[in-house]
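Since the structure comes first, as structure tokens, the remarks are kept for the end.
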Amino acid sequence: MKPVRYLLGCVLTALVLYHSVYFRKLDEVVKDGALFSASAYARDFWENTLPARASGALELSALLPLLETDKDSAFGAYARSLGIGNIRYFPVKGEGVIAAVEEDYTRLRILPNGRPVTIATEYIVGNAVRDGFQAVNLQDFASSTDINDISAELNRIIREEVLPPFRQKAGKGDTVSFTGAIELNRAYMDLQTIEVLPVQLTLKP
């Protein structure tokens, strides 16, 4: 009987070990965030995807009149957001003449109509760039933390790489070419305080 009990014990132990150890595909682990790097993801998007999307951004000088005359069409065609609600983001581009350089903003008169907008140069926060340029697909992420970290990394790139060379040289009267994202509340839209979070800023000679 002892050999039989010993054999049964070995079989039960083997079964327990078999069901306690399992293997997963690498892509499943990455999707769950175990190996996810928001910094690497943001850098890859910034260098390999953003340039094409930035070139396809809508001219801000064309968007603003459309928002005034046909808000529903403008939001339906050009607004972006990961969630529901009234907050939406637009990828925009344009040129403007610097009217003032302030501590937190650079104020422009955009060409050709001279409408006032501001370029954020100090407080680069929020999801405007991530959502406006569609940096993420919700279905690709199991963790909202990863999605929020991507925003933080994109904003960090702007603060550390886009803004310093611009702020060093920008002055009143200069012409600047810009690309970025703006945030608008569909229910309480204020077109008098448009703020662009920039992804590209170029001073024109």
Problem set entry | Selection from the stretch 159-205 of residues that are in a helix (DSSP H, G or I) and acidic (D, E) | E160, E161
For this session: Kindly provide the set of residues from the stretch 124-147 that are open to solvent by 50 Å² or more (accessible area, probe 1.4 Å) and either at pLDDT below 95 or of a type in the set (V, I, T) (or both), ordered by number.
Result: V125, N137, L138, Q139, D140, A142, S144, T145
Seminar exercise, completed: Within the stretch 103-132, residues among the charged types (D, E, K, R), within 28 Å of A52 (Cβ to Cβ) and more than 20 Å from the chain's Cα centre (by Cα) come out as R115
Problem set entry | Single residue of the stretch 8-67 satisfying the filter (at pLDDT below 95 and among the aromatic types (F, W, Y)) that is farthest from V196 (Cα to Cα) | Y18
Exercise. Among A187, A181, A170, A152, which is of a type outside the set (S, T, Y) and closer than 15 Å to Y41 by Cα?
Worked result: A152
For this session: Select from the stretch 32-73 the residues that are under 13 Å from T179 (Cβ atoms) and in contact with a Leu (Cβ under 8 Å, 6 or more places away or on another chain) and list them in ascending order.
Result: W46
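Listed here are the residues, each with its yes/no results for (1) closer than 15 Å to G132 by Cβ; (2) of a type outside the set (S, T, N, Q).
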| site | (1), (2) |
| --- | --- |
| I147 | yes, yes |
| E153 | no, yes |
| R156 | no, yes |
| F166 | no, yes |
| G180 | yes, yes |
| A187 | no, yes |
| T193 | no, no |
| Q200 | yes, no |
Exercise. Which condition number does A142 fail, the rest of (1) outside any loop (DSSP other than H, G, I, E, B); (2) touching a residue at least 24 places away in the same chain (Cβ under 8 Å) being met?
Worked result: (1)
Exercise. Which residue out of A142, A152 is of a type outside the set (V, I, T) and under 21 Å from T49 (Cα atoms)?
Worked result: A152
Exercise. Going through the stretch 78-102 one residue at a time, which ones are within 20 Å of the chain's Cα centre (by Cα), farther than 14 Å from M189 by Cβ, hydrophobic (A, V, I, L, M, F, W, C) and at pLDDT 95 or above?
Worked result: V92
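The values are calculated or read from the model by the stated rules, or taken from the named source; none is laboratory data. Please read all numbers here as calculations on a predicted model, not as lab measurements. Note: ideal-geometry Cβ built from the backbone for every residue, glycine included; neighbour counts use all protein chains shown. Surface areas here come from the heavy atoms of the whole protein model, side chains and all, with no ligands, DNA or RNA. Shrake-Rupley method; radii C 1.70, N 1.55, O 1.52, S 1.80 Å.
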